[in-house]
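In what follows, a structure is listed as C-alpha cells, so that the remarks can point back to it.
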Amino acid sequence: MHRIVIAGALALACATAPALAADNPQQTRMADCNKQAGDRKGDDRKAFMSQCLSGKPKMTQQERMKHCNAEAGDRKGDERKAFMSQCLKNPG
C-alpha cells in the first residue's frame with residue numbers, strides 16, 4: 001500500500017514539474033503580488049491583488065495631492081477648488 005502511495009506521489013510530481021518550469025510573465029507577476037500582499041485578507045487582499053496584477057501603480061493620497069497641486073498650476077479660487085476636488089477623486 002505504501003508503495004502505491006509513494007508511486008502516485010512521484011508520478012504527480014513528475015507530471016507537474018514541466019508546468020512549474022514554464023514560468024511566464026503573468027505567473028511571475030502573480031507570485032510577486034502574492035508576496036507583496038502579505039497577510040492581507042478578504043476585500044483588502046482582493047483589491048490589492050487586482051491593482052497589483054493590473055500593472056498600474058496606485059498613487060498614495062499624498063502622491064495624488066502632490067500630483068494634483070502640480071496639475072492645478074496657477075488656478076485660483078473656485079476654479080482651483082473644483083479642479084482639485086475632481087483631480088483627487090480620480091483613483092490614479
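A few notes on this one:
- For Asn90 and Met30, the difference between the fully extended length at 0.36 nm per residue and the C-alpha to C-alpha distance is 19.0 nm.
- Taking 19 Å as the straight-line reach from the Cα of Lys81, the lysines in range (excluding those fewer than 8 positions away in the same chain) are Lys66, Lys89.
- Label positions at Leu53 and Arg75, each projected 7 Å from the Cα along the C-beta direction, are separated by 3.5 nm.
- Note that the stretch 38-55 has calculated 3J(HN,Hα) couplings of x, 9, 4, 9, x, 5, 4, 5, 4, 5, 4, 4, 4, 5, 5, 6, 5, x Hz, one per residue in order, obtained from phi through the Karplus relation 6.51 cos²θ - 1.76 cosθ + 1.60 (θ = phi - 60°); glycine and proline are x.
Taken together, the values in this text are just the output of simple stated rules run on the coordinates, not laboratory data. This one's a predicted model, so the numbers in the text were calculated from it and none came from an experiment. Methodologically, a virtual Cβ is constructed for each residue, glycine included, from the backbone with ideal geometry; neighbour enumeration extends over all protein chains shown.
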